[in-house]
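Readers should treat all values here as calculations from the given coordinates under stated rules, not as data from a laboratory. Values in this document were obtained by computation on a predicted structure and should not be read as measured data. Positions of Cβ are generated from backbone atoms using ideal geometry, with glycine treated the same way; all protein chains shown enter the neighbour counts.
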Amino acid sequence: MTRAIAMTMLVVAGLAGQTGTSAAQEENFGRHEGYYYPVPQSEETYTSSVPELEGVNRKSRVGLVAGLIKRQLERQYDPGFIILAKGLEAEKMIIIATQDGRYDTLYRLRALIAALTSEARFSPLLQNSGAPENFNFLDLLKLGGFKELTLSNGKDVAHRIIVK
């Protein structure tokens, strides 16, 4: 199976998990701990200076994640992680390593955010800001209405960032 097909299957599986989610399921599994990643060992709050865009919704957040995944699939190499949009309103982004030995420390997880910042600056949302170099990946999440980002190595390390 090609990498593109495998990644597409992961994306479809992740997005399919969103349909039909009841409030009770969200209450029980809303933080997705123990299912996609271990209980986060650390948490921080990022307060962005940008406002959430008017009219953003579940569909636009899922679209943003789909766009990020599309860019991953266009690369000539496997980035070693998968991106998911979860929560009743797809307001939680989850990034999980797909290979052992990657993103296994808080510093590597933060470095991943820095790498994603470079990519985010090419997004239409930040390009239209007039000064994309002044924003980072977490600002993009705020614009898109995401409230939380959890990063994990998919094994024993997880870090949560609350986006305000």
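Could you please give the count of residues in the range 33-59 that are touching an Asp or Glu at 6+ places or on another chain (Cβ under 8 Å), surrounded by 11 or more Cβ atoms within 10 Å (Cβ to Cβ), farther than 19 Å from Asn136 by Cα and touching a residue at least 60 places away in the same chain (Cβ under 8 Å)?
Within the range 33-59, the subset touching an Asp or Glu at 6+ places or on another chain (Cβ under 8 Å) is 38-40, 48-50, 57-58.
Narrowing further to those that are surrounded by 11 or more Cβ atoms within 10 Å (Cβ to Cβ): 38, 40, 48, 50, 57-58.
So of that shortlist, the ones also farther than 19 Å from Asn136 by Cα come out as 38, 40, 57-58.
Among the residues that remain, those that are also touching a residue at least 60 places away in the same chain (Cβ under 8 Å) are: 38, 40, 57.
Total satisfying the criteria: 3.
Counting only residues that are among the small types (Gly, Ala, Ser), crowded, with 20+ Cβ neighbours inside 10 Å and touching a strand residue (DSSP E or B) at 6+ places or on another chain (Cβ under 7 Å), how many does the range 60-102 have? Can you show your working first?
Start the filter on the range 60-102 by keeping residues that are among the small types (Gly, Ala, Ser), which leaves 60, 63, 66-67, 80, 85, 87, 90, 97, 101.
Pick out the ones that are also crowded, with 20+ Cβ neighbours inside 10 Å and you get 85, 87, 90, 97.
This time we only want the ones that are touching a strand residue (DSSP E or B) at 6+ places or on another chain (Cβ under 7 Å), so: 85, 97.
Selection size over the range 60-102: 2.
Quick check on Leu126: is it buried (at least 18 other Cβ atoms within 10 Å of the Cβ), within 10 Å of the chain's Cα centre (by Cα), more than 18 Å from Arg160 (Cα to Cα) and of a type outside the set (Val, Ile, Thr)?
For Leu126, the condition - buried (at least 18 other Cβ atoms within 10 Å of the Cβ), within 10 Å of the chain's Cα centre (by Cα), more than 18 Å from Arg160 (Cα to Cα) and of a type outside the set (Val, Ile, Thr) - is not met.
Going through the range 72-126 one residue at a time, which ones are among the acidic types (Asp, Glu) and more than 16 Å from Gly144 (Cβ to Cβ)? Step through it out loud before you land on a result.
Within the range 72-126, the first condition is being among the acidic types (Asp, Glu), and the residues that meet it are 74, 78, 89, 91, 100, 104, 119.
Within the range 72-126, Glu74, Asp78, Asp100, Asp104 qualify.
Yes or no: Glu54 assigned to a helix (DSSP H, G or I) and of a type in the set (Asp, Glu)? Give the derivation first.
Numbers: assigned to a helix (DSSP H, G or I): no; of a type in the set (Asp, Glu): yes.
For Glu54, the condition - assigned to a helix (DSSP H, G or I) and of a type in the set (Asp, Glu) - is not met.
Looking at Arg75, Arg71, Arg61, which is the one that is more than 24 Å from Lys164 (Cβ to Cβ) and under 14 Å from the mean Cα position of the chain (by Cα)?
Testing whether each residue is more than 24 Å from Lys164 (Cβ to Cβ) and under 14 Å from the mean Cα position of the chain (by Cα) leaves just Arg71.
Suppose we filter the range 88-126 for residues that are touching a Phe, Trp or Tyr at 6+ places or on another chain (Cβ under 9 Å) and of a type outside the set (A, V, I, L, M, F, W, C); how many remain?
Residues flagged as touching a Phe, Trp or Tyr at 6+ places or on another chain (Cβ under 9 Å) and of a type outside the set (A, V, I, L, M, F, W, C) within the range 88-126 amount to 10.
For a quick check of your reading: which helices (runs of 4 or more DSSP H) sit entirely within the range 75-164 and have at least 2 residues that are touching a residue at least 24 places away in the same chain (Cβ under 8 Å)?
By residue number, 106-120, 137-143.
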